[in-house]
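The values are calculated or read from the model by the stated rules, or taken from the named source; none is laboratory data. Computed from a predicted structure; not experimentally measured. All Cβ positions, glycine included, derive from the backbone under ideal geometry; neighbour counts span all protein chains shown. With ligands, DNA and RNA removed, areas are computed over all heavy atoms of the protein, side chains included. Shrake-Rupley method; radii C 1.70, N 1.55, O 1.52, S 1.80 Å.
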Amino acid sequence: MQKRISAFGIGWSSRRRIAVAAAVLTGLLAITLLTAVITGPADRPSSHPGPASPSRSAAPVATEPSSGTGSVARPPRISDPVQFAKAAAQMLWSYDTRTTGHEQQLTAMRTWMTKEYPYVDWVSVSAQMPTPALWARMADQGQYATATVAEGHCPAAFKQALAEDPSAITQAHIYAVTVTGKQTIAWAKGGGGAEDRSITLAVQCRPSKDCTLVAIAPTVAP
């Protein structure tokens, strides 16, 4: 059960922006689809449909936590996409069921998300969380995890796409960043282990604004 919270690779929304972004981040499509994710209308059919996502019809998800963030770090106020992605990855790989409840964890994670509804994909982030019942069993064992980040970079496919059309990013300002590191899991009564982690995130860093999290890519882009 300790791996559930870090089980990335959940499918994205079927909306065209998110689906095409996933394809670009994994290097399956080139510059024309990077432009499409930024400029294409959201109601067109997806060229790479993902699973249905009923919660996408809800209001924007980024809200202030009502009961504090518990053990979840607050988003840093930085404008560098790589540095923000590294901080976000460390947040996603860290948790403490001894001090933070399931809903509190989710609410705190939401504060990292962009408030721009056409781009945000909360489903890809929240889907990594265990169910409330599983979280409760983890809490019974006093399970917690810490993380260290080794490196972050923009994937080769993303950099190539930008090199071919530097203006393609100027509307949404969404960057792909791959982060590697290590997660260490432990239990209050002893025992634990460590595992290497890697993740590709989509982060939004508009000029003169703090970066925010957009989504987790379904696969890791090199």
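Restrict the check to segment 147-158 and report whether at least one residue is within 22 Å of A73 (Cα to Cα) and in contact with a Cys (Cβ under 8 Å, 6 or more places away or on another chain). No, segment 147-158 has no match at all.
Residues that are open to solvent by 30 Å² or more (accessible area, probe 1.4 Å) and touching a residue at least 40 places away in the same chain (Cβ under 8 Å) number at least 3 in the following helices (runs of 4 or more DSSP H) confined to segment 78-187: 81-92, 156-164.
Determine whether segment 196-217 contains at least one residue that is assigned to a loop (DSSP other than H, G, I, E, B), modelled with pLDDT under 95 and surrounded by 14 or more Cβ atoms within 10 Å (Cβ to Cβ). Yes, segment 196-217 contains at least one residue that is assigned to a loop (DSSP other than H, G, I, E, B), modelled with pLDDT under 95 and surrounded by 14 or more Cβ atoms within 10 Å (Cβ to Cβ).
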